[in-house]
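A.B. asks: Next up is a structure, given as C-alpha coordinates.
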Amino acid sequence: MRSRIQEALDKVRPALKADGGDARIVACDEKTGTVSIQMLGACKGCPLSQLDFAYAIESLIRREVPEVREIVAV
(Lines give C-alpha, C1' and ligand atoms only; values in the text may rest on other atoms or scores of the structure.)
Protein backbone atom coordinates (compact mmCIF):
# COMPACT_ATOMS: atom_id res chain seq x y z
CA MET A 1 0.00 0.00 0.00
CA ARG A 2 2.80 2.42 0.91
CA SER A 3 4.46 2.08 -2.50
CA ARG A 4 1.19 2.81 -4.31
CA ILE A 5 0.63 5.88 -2.13
CA GLN A 6 4.18 6.99 -2.97
CA GLU A 7 3.42 6.55 -6.69
CA ALA A 8 0.31 8.72 -6.28
CA LEU A 9 2.36 11.42 -4.51
CA ASP A 10 4.92 11.26 -7.32
CA LYS A 11 2.19 12.34 -9.75
CA VAL A 12 1.49 15.50 -7.72
CA ARG A 13 5.09 16.16 -6.70
CA PRO A 14 6.14 18.17 -9.82
CA ALA A 15 3.42 20.75 -9.14
CA LEU A 16 4.37 20.97 -5.46
CA LYS A 17 8.06 21.34 -6.28
CA ALA A 18 7.33 24.02 -8.86
CA ASP A 19 6.11 26.16 -5.95
CA GLY A 20 9.02 25.21 -3.68
CA GLY A 21 7.19 22.54 -1.72
CA ASP A 22 6.86 18.80 -1.38
CA ALA A 23 5.01 16.13 0.59
CA ARG A 24 6.08 12.91 2.26
CA ILE A 25 4.49 9.90 3.87
CA VAL A 26 5.06 10.00 7.63
CA ALA A 27 3.07 6.89 8.54
CA CYS A 28 1.06 4.25 6.76
CA ASP A 29 -1.05 1.78 8.74
CA GLU A 30 -2.31 -0.94 6.43
CA LYS A 31 -4.55 -2.46 9.12
CA THR A 32 -6.59 0.70 9.68
CA GLY A 33 -6.07 2.24 6.23
CA THR A 34 -4.72 5.43 7.79
CA VAL A 35 -2.00 7.48 6.10
CA SER A 36 -0.23 10.53 7.53
CA ILE A 37 1.19 13.03 5.04
CA GLN A 38 3.49 15.93 5.89
CA MET A 39 3.70 18.99 3.69
CA LEU A 40 7.28 20.25 3.27
CA GLY A 41 9.13 23.33 2.09
CA ALA A 42 7.03 26.26 0.95
CA CYS A 43 3.89 24.12 1.26
CA LYS A 44 4.43 23.71 5.01
CA GLY A 45 3.24 27.17 5.99
CA CYS A 46 1.22 28.15 2.95
CA PRO A 47 -2.52 28.64 3.50
CA LEU A 48 -3.18 27.22 0.03
CA SER A 49 -1.51 23.95 0.99
CA GLN A 50 -4.77 22.83 2.61
CA LEU A 51 -6.44 23.12 -0.79
CA ASP A 52 -3.57 21.25 -2.43
CA PHE A 53 -3.84 18.60 0.24
CA ALA A 54 -7.60 18.17 -0.06
CA TYR A 55 -8.08 18.51 -3.81
CA ALA A 56 -4.85 17.12 -5.22
CA ILE A 57 -3.18 14.80 -2.76
CA GLU A 58 -6.14 13.37 -0.86
CA SER A 59 -8.37 12.85 -3.88
CA LEU A 60 -5.58 11.25 -5.91
CA ILE A 61 -4.58 8.86 -3.11
CA ARG A 62 -8.21 7.84 -2.55
CA ARG A 63 -8.68 7.23 -6.26
CA GLU A 64 -5.44 5.27 -6.73
CA VAL A 65 -5.40 3.39 -3.40
CA PRO A 66 -9.05 2.73 -2.51
CA GLU A 67 -8.24 0.79 0.66
CA VAL A 68 -7.04 4.02 2.29
CA ARG A 69 -9.74 5.05 4.74
CA GLU A 70 -8.25 8.14 6.33
CA ILE A 71 -5.62 10.66 5.22
CA VAL A 72 -4.25 12.96 7.89
CA ALA A 73 -2.11 16.06 7.37
CA VAL A 74 0.62 16.27 10.03
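A.B. asks: Would you list which aspartates and glutamates come within 19 Å of Lys44, measuring only between C-alpha atoms, while excluding same-chain residues fewer than 8 positions from it?
C.D. replies: Cα-Cα hits under 19 Å: Asp10, Asp19, Asp22, Asp52, Glu58.
A.B. asks: Treating the Cα atoms of the chain as identical point scatterers in vacuum, please give the log10 of the normalised Debye intensity I(q)/I(0) at q = 0.14 Å⁻¹, two decimals.
C.D. replies: -0.37
A.B. asks: On to the next question. How much length, in nm to one decimal, is gained on full extension between Gln38 and Glu64, taken as 0.36 nm per residue of separation minus their Cα-Cα distance? Provide the component values of the computation, followed by the final result.
C.D. replies: Values: separation 26, 0.36 × 26 = 9.36 nm, distance 1.88 nm.
Stretched out fully, the Gln38 to Glu64 stretch lengthens by 7.5 nm.
A.B. asks: Counting only protein heavy atoms, what percent of the accessible surface of the chain is carbon or sulfur at a 1.4 Å probe?
C.D. replies: Ligands and nucleic acids excluded, carbon and sulfur give 53 percent.
A.B. asks: How far is helix 2-18 tilted, in degrees, relative to the longest principal axis of the Cα atoms in the chain, given as a value from 0 to 90 rounded to the nearest 10?
C.D. replies: 10
A.B. asks: Right, here's the next one. Which of these, Arg13, Arg63, Arg24, has the largest mean-square fluctuation under a Gaussian network model of the chain (Cα springs below 10 Å)?
C.D. replies: Of the options given, Arg63 has the highest mean-square fluctuation.
A.B. asks: Based on the Cβ-Cβ distance from Tyr55 to Lys31, what FRET efficiency comes out when R0 is 25 Å, to the nearest 0.05? Present the calculation step by step, with values, prior to reporting the outcome.
C.D. replies: Details: r = 28 Å, r/R0 = 1.10.
Plugging the Cβ-Cβ distance into 1/(1 + (r/R0)^6) gives 0.35.
A.B. asks: Before anything else, pin down the relative contact order of the chain: Cα pairs under 8 Å, at least 6 apart, normalised by residue count, whole percent. The partial results should precede the final answer.
C.D. replies: Working: 98 pairs, mean separation 25.8, N = 74.
Relative CO of the chain lands at 35 percent.
The values are calculated or read from the model by the stated rules, or taken from the named source; none is laboratory data. All figures in this text were calculated on a predicted structure; none of them were measured in a lab. Ideal geometry is used to build each Cβ from the backbone, glycine not excepted, and the neighbour counts take in all protein chains shown. Quick note on the areas: whole protein, heavy atoms, side chains included, nothing else; ligands and nucleic acids left out. Shrake-Rupley method; radii C 1.70, N 1.55, O 1.52, S 1.80 Å.
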